[in-house]
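Peer 1: Take this structure first; my questions come after.
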Amino acid sequence: MAFSNDLLKDKTILITGAGKGIGKACALLADKCGATVIAVARTETDLIDLKNESSQRLSHWVGDVQDAALYEKIRSLPSLHGLINNAGTNRVAPMAEQSDENIDDILNLNIRSAYKVAQAAITPMLDSAAPSMVHMSSQMGFVGSPGRTLYCLSKHAIEGLTKAMAVELAPNNIRVNSVAPTFIKTPMTEPMLKEPAFAEMVMNNIPLQRLGSVEDVANACIFLLSELSMTTTGSCLKVDGGWTAQ
């Protein structure tokens, strides 16, 4: 099953963390659906690989989502119809062992930069038709998990941000939603999933008994960016195999 190749035609979509994993899958699908994609990542070689797999419409920006210069560049876009606010990371450790560096890394990348990117995107969206933002959340934005106090903190914050932005920006016709995946095979999660005890714990918590794919998450994001979801705002689309339903 696939979306129409003109589902996002004439729309400009910006995607952060687009060099690998979920972000790359989102960029490729948005491009396939006819969007003019702006892919943002820190590693140029990743973006070049992405460009080689996509159409000529896709452009790439080498940049850091924690850099004020990127926010200004987003703010200066003539129009922006969609944002997938995807950049983020994790630091797994018992709470008593979390360092100040880890705390700062998670708060700055997963929360502050997501806020600043979204804040910058408002300006070019104000004069764009049917604009939509999607924040990348997680099932950990709804539950707790040992060793993941920082990640859970950051994703619960993203869920709160999504709701508040949706209400505040509704008068401007800007929709804001989130997508919350379960564990997905990506470069970030693959080392963890190779640990037998951890992999068993994950599968025991997923009623569907299967991991998600980056394409599953991309499908959810593109749906929320498209006019198929015009009355959906302030919501979370969970791609979690039933984890949070228990």
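Peer 1: Inspect segment 118-139 for any residue being open to solvent by 70 Å² or more (accessible area, probe 1.4 Å) and in contact with a Gly (Cβ under 6 Å, 6 or more places away or on another chain) and give the result as yes or no.
Peer 2: Among the residues of segment 118-139, not one is open to solvent by 70 Å² or more (accessible area, probe 1.4 Å) and in contact with a Gly (Cβ under 6 Å, 6 or more places away or on another chain), which makes the answer no.
Peer 1: Next question. Do you know which residues across segment 177-207 are assigned to a helix (DSSP H, G or I), surrounded by 14 or more Cβ atoms within 10 Å (Cβ to Cβ) and not aliphatic (A, V, I, L, M)?
Peer 2: Result: Phe198, single match.
Peer 1: Does any residue of segment 148-155 turn out to be crowded, with 18+ Cβ neighbours inside 10 Å, part of a loop (DSSP other than H, G, I, E, B) and of a type in the set (Lys, Arg)?
Peer 2: yes
Peer 1: Scan segment 56-74 and give yes if some residue there is at pLDDT 95 or above, under 14 Å from the mean Cα position of the chain (by Cα) and buried (at least 21 other Cβ atoms within 10 Å of the Cβ), otherwise no.
Peer 2: Taking every residue of segment 56-74 in turn, at least one turns out to be at pLDDT 95 or above, under 14 Å from the mean Cα position of the chain (by Cα) and buried (at least 21 other Cβ atoms within 10 Å of the Cβ).
Peer 1: Which one of Ala69, Ala121 is free of Cβ contacts under 8 Å to residues at least 24 places away in the same chain, assigned to a helix (DSSP H, G or I), among the hydrophobic types (A, V, I, L, M, F, W, C) and out of contact with any Asp or Glu (no Cβ under 7 Å at 6 or more places or on another chain)?
Peer 2: Ala69
Peer 1: Could you list, in sequence order, all residues of segment 162-176 that are of a type outside the set (D, E, K, R) and open to solvent by 30 Å² or more (accessible area, probe 1.4 Å)?
Peer 2: Ala164, Val167, Ala170, Pro171, Asn172, Asn173, listed by residue number.
Peer 1: OK, next. Is it the case, given these coordinates, that Val143 is aliphatic (A, V, I, L, M) and in a strand (DSSP E or B)?
Peer 2: So Val143 fails the test.
The values are calculated or read from the model by the stated rules, or taken from the named source; none is laboratory data. Since we're looking at a predicted model, the values are computed, not measured. Glycine gets a Cβ as well: all are built from the backbone with ideal geometry, and neighbour counts include every protein chain shown. Remember, those area values only see protein heavy atoms, side chains included, never the ligands or the DNA or RNA. Shrake-Rupley method; radii C 1.70, N 1.55, O 1.52, S 1.80 Å.
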